[in-house]
Amino acid sequence: MSVIDVTDSYRLLLDRRETVTTALASELGSLADDHPLLVEAVRRLLDSDGSVHNAFRLLPFPVLGALFSDQDAALPVAVFSRLWWTGAEVFDDIADGDFDAGVVGVSAAQASIASVACLALMPQEMIARQDVPAALRSAWAAEFAAGSLGAAEGQLDDVSHDMDTNTWTAAMRIYTGKSGTPYGRDCAMAALLAGVDDSAVRGWRAFGRLFGVLRQMANDRVAGTPDTRDDLANGTLTLLLALAAEQADVAEAGSLNALRARARTDLSARRELREYLDDHEVVKAYQGRVGAIHRKLTALLEALAAPSEHRDLIQWMVNESAAGARLTESAGAA
């Protein structure tokens, strides 16, 4: 695989983070007179959200550029996305018991209300205020609503799934819903802005959804230290765990389920589960799945966009995400 030099493109993308921050502040300011308490609470959530530095969530910019449109026009999509992701991050923290009211400056109750507004009400109000053709405004509103509903379904699937249903298909459904849907929404909204046909919009939505799955797989690798990994402590059905369960025989699968249940509260069980997941054959199979997703995303991107520096930047994002999703070389070596 050839090396892609995206130094300049990536630097320009990082510079857009501040542009998004400024534009979002302006949008919130327009709502402050009528909703002062809500806007102040949302501002505090945004100020405390470290995920705003995530360059991968600026994907609408290079997508629009790859479709030979002015990247700057993707700013509203990035603003809606930034607001939504902050709501999602805060809602997750509250649900997991990780919300720190002292750091954020609002109570958990206030944060709950504000996060719900970030996830649906405020972005939809901002979309309605955009100075774009009515047809585009309507399409954006529909895409955002569908994306929010899909992500909510995925989150519910994540916390409600049957512990005995530890299949790759079930885990992929969860990942696609909770993590893939927001990226798919953003890519589709950028494609709608570019004025491409319905088939291309569907293609970009599919690309974004699969890219979001890969981003979640990369996030899984950094979810805490090896002994206290968040995904093992909160009982999440990760793709790695699902793959290990599928490869186990009936007796092993039962033991794995029991170990997974104990790992939620027992540190020694968590270590034992991690060692099981570090098995050479599990690691080898997982690397193969990551590689397959990587190749599919590359093929989708090549079909959706002609060669350009913008497509190169998206490809780099895919490559970096795949590298982050792969297990370390030491996994399974012991």
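The values are calculated or read from the model by the stated rules, or taken from the named source; none is laboratory data. Nothing here was measured: the structure is a model prediction, and the numbers come from that model. Glycine gets a Cβ as well: all are built from the backbone with ideal geometry, and neighbour counts include every protein chain shown.
If residue 23 passes every condition in (1) touching a Pro at 6+ places or on another chain (Cβ under 8 Å); (2) crowded, with 18+ Cβ neighbours inside 10 Å but one, which one does it miss?
Unmet for residue 23, out of (1) touching a Pro at 6+ places or on another chain (Cβ under 8 Å); (2) crowded, with 18+ Cβ neighbours inside 10 Å: (2).
Name, by its number, the condition in (1) in contact with a Phe, Trp or Tyr (Cβ under 8 Å, 6 or more places away or on another chain); (2) closer than 20 Å to residue 19 by Cα; (3) aliphatic (A, V, I, L, M) that does not hold for residue 79.
Residue 79 satisfies every listed condition except (1).
Out of the range 163-193, which residues are surrounded by 20 or more Cβ atoms within 10 Å (Cβ to Cβ) and more than 20 Å from the chain's Cα centre (by Cα)?
The answer is 166, 192, 193.
Residue under question is residue 170, and the condition is that it be of a type in the set (Gly, Ala, Ser) and either under 13 Å from residue 213 (Cβ atoms) or modelled with pLDDT of 95 or more (or both); does it hold? Step through it out loud before you land on a result.
On the way: of a type in the set (Gly, Ala, Ser): yes; either under 13 Å from residue 213 (Cβ atoms) or modelled with pLDDT of 95 or more (or both): no.
The answer is no for residue 170.
Okay, residues lined up against (1) among the β-branched types (Val, Ile, Thr); (2) within 23 Å of residue 216 (Cα to Cα):
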site: 21; (1), (2): yes, no
site: 40; (1), (2): no, no
site: 57; (1), (2): no, yes
site: 66; (1), (2): no, no
site: 71; (1), (2): no, no
site: 79; (1), (2): yes, yes
site: 97; (1), (2): no, yes
site: 100; (1), (2): no, no
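From the list 292, 322, which residue is among the small types (Gly, Ala, Ser), crowded, with 16+ Cβ neighbours inside 10 Å and within 27 Å of residue 241 (Cβ to Cβ)?
Only one candidate passes the filter, namely 322.
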